[in-house]
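The values are calculated or read from the model by the stated rules, or taken from the named source; none is laboratory data. As the structure is a computational prediction, the values presented were derived from the model and not from experiment. Cβ placement follows ideal geometry from the backbone for every residue including glycine, while neighbour counts extend to all protein chains displayed.
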Amino acid sequence: MNGLALGSIYALIALGYTMVYGVLRFINFAHSDVLMLGAFSAYYLAPAVAQVLPLPSLAGALVVTLFACVLCAGLGVLIEFLAYRPLRSRPRLTVLITAIGVSLFIEFTCQHRAVFGADTKAFPKLLPESDFRLGDLIIGSNDLVVLVTTVLLLTGLWFVVQRTKIGTAMRAVSFNQQAAALMGIDINRIISFTFALGSALAAVAGILYALKAPGIDPLMGVQPGLRAFIAAVLGGIGNLPGAALGGLVIGLLETFAGGISGLSNYRDGIAFAILILILLFKPAGLLGKATVEKV
Amino acid sequence: MTASHQPSTINHHPLLTVRELHVSYGAIKALHGVSLQVPEKSIVTLIGANGAGKSTTLRAISGLIKAQSGAVIYDGVEITHQRPHRIVSRHLCHVPEGRMVFANLTVAENLHMGAYLRNDKAGIAEDIDYIYGIFPRLKERLAQQAGTLSGGEQQMLAISRALMGRPRCLMLDEPSLGIAPMLVRAIFDQIVAINRERGITVLLVEQNANLALAISDYGYVLETGRVILEDTAAALRENPQVREAYLGE
């Protein structure tokens, strides 16, 4: 159960990596920091919301999460606008290195005393907690919340991408930007929308991750971010169902490895070993396929 | 398939005017001052060998590449430095070389992307019906991924997708390229029909000069980024220089 919950969180993060890759063909390494900013937004918003709504409560948690999503969506759009858009016509490596730069910039700015500070902070209780028993299984309410939230968000995302005009435009842009522009699609708007969507998902993931973690700090996004990145590659980068599946697989594997004595110290090693194996043997990922086009 | 329109560009109000267009790809100069006029409701063709600058001219008109100097005037408005989606919103639509259908989208989704800027559901449904009429093959393949279509079907889809934007002027880049001869015929018949029945102005780029001149009113011959010859399509077909270099005689 813990593995499923962890995997769900990785899935939510992996979707952001894979969506941005889909439209711009680079890995937005700052994505993991948006996740951290999501958790911190909730941390600072919670006391304010507690003035109006009871906290911990479902309504309170929803409001906090919603605000954090909006904030992070804005931040994601801003990052793309300031850091990546000016480099749009440059080689992809330039953008990739810039992404690493943006990530380090956010992490270390946030560690400054005047911003969040480097110390670990206790994340506020947003939801009432209790444990359920299901036969021999003990299920924490937080794990259940993580699962339900993820299922809802995945369904919502699927609907947006497959059934709405803007989602279809996203897929069109990811296939061929020039052809999409010739349809009258404003490429920049679609890219901004993609960043907003991915960053909002990252904010939720950050909050869910914080619910399960002992505390939050400006580097909290690094570990889940890396694993989600591996998950996205495992599923087939650019492939949305693949990212979700990859997240679950990595989460479950990590939890199983953690449960076996002697292996628990190698959890990160296992994740990276998976990455190396995929790159060696199935570089397109589990659900990715080499696209064949008839001419 | 003879041209019935007034072929002269002089008396007609030109819908599209290109003036002294210069374009480079990095250090390589592709267009050295191309000028041309497309009168309203006519079919004008650009012919020339591979690399003559035909596609580049279309790409510069629709804003896909930046012109270094010169001007593109459409419907009386200078659109030279506008972004592609703004240009499309003026109903100047471009069917790019290589078709560029969205292979990952269904045929129906491709058509709806063509109508991206429109919100008139009834009008969109009407236009889709019109497209079924001219390209019945597409109707059978609506739910199929566009990547699974044959080359000719993809070209039909690319043209239909552009028609969904309700073009006043349609630019077609090599619609015959890599397509079975039988389908080429069907496609060119429809290009003429689109022009005659819907009054859509057509700017056609073709390597197959025979085919292009047969349906056009006026033609420009491009060579290494320059217009070397222009005349009515009928006159170009009789021109010995054209016959030798482009009509394979």
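In segment B:172-186, of all residues being surrounded by 21 or more Cβ atoms within 10 Å (Cβ to Cβ) and hydrophobic (A, V, I, L, M, F, W, C), the one that is farthest from B:Arg237 (Cα to Cα) corresponds to B:Ile179. Can you find a residue that is at the interface with chain B (Cβ under 10 Å from one of its Cβ atoms), hydrophobic (A, V, I, L, M, F, W, C) and not in a helix (DSSP H, G or I) anywhere in segment A:183-191? Yes, that holds for at least one residue. Quickly run through segment B:69-97 and pick out the residues that are in a loop (DSSP other than H, G, I, E, B), modelled with pLDDT of 95 or more and more than 24 Å from B:Arg198 (Cβ to Cβ). Scanning segment B:69-97 gives B:Thr80, B:Gln82, B:Arg83. For B:Tyr132, are the conditions met, namely being hydroxyl-bearing (Ser, Thr, Tyr), away from every other protein chain (no Cβ under 11 Å) and under 20 Å from the mean Cα position of the chain (by Cα)? No; evaluated as a whole, the condition is false for this residue.
Tally up the residues in segment A:241-268 that are closer than 23 Å to A:Arg25 by Cβ and surrounded by fewer than 24 Cβ atoms within 10 Å (Cβ to Cβ), please.
Adding up the residues that qualify gives 2.
Does B:Gly70 fit the bill of being in contact (Cβ under 8 Å) with a residue 60 or more places away in the chain and either in contact with a Leu (Cβ under 8 Å, 6 or more places away or on another chain) or more than 25 Å from B:Asp217 (Cβ to Cβ) (or both)? Judged against the criteria, B:Gly70 is not a match. If you take the residues in segment B:62-80 that are within 18 Å of the chain's Cα centre (by Cα) and within 14 Å of another protein chain (Cβ to nearest Cβ), which one is nearest to B:Leu203 (Cα to Cα)? Only one residue tops the list, namely B:Ser62.
Considering segment B:81-128, and only residues there that are within 9 Å of chain A (Cβ to nearest Cβ) and small (Gly, Ala, Ser), the residue that is farthest from A:Ile190 (Cα to Cα) turns out to be B:Gly98. Considering segment A:201-292, the qualifying helices (runs of 4 or more DSSP H), each wholly inside and each with 2 or more residues that are within 12 Å of A:Tyr17 (Cβ to Cβ), run over A:222-235, A:240-259. Pick from segment A:147-176 the residues that are within 10 Å of another protein chain (Cβ to nearest Cβ) and of a type in the set (Lys, Arg): which of them is nearest to the chain's Cα centre (by Cα)? Filtering segment A:147-176 for residues that are within 10 Å of another protein chain (Cβ to nearest Cβ) and of a type in the set (Lys, Arg), the one nearest to the chain's Cα centre (by Cα) comes out as A:Arg171.
Among the helices (runs of 4 or more DSSP H) lying completely within segment A:1-80, list those that include at least 3 residues that are in contact with a helix residue (DSSP H, G or I) (Cβ under 8 Å, 6 or more places away or on another chain) and β-branched (Val, Ile, Thr).
On the way: elements: A:2-24, A:31-50, A:58-79.
Those helices (runs of 4 or more DSSP H) span A:2-24, A:58-79.
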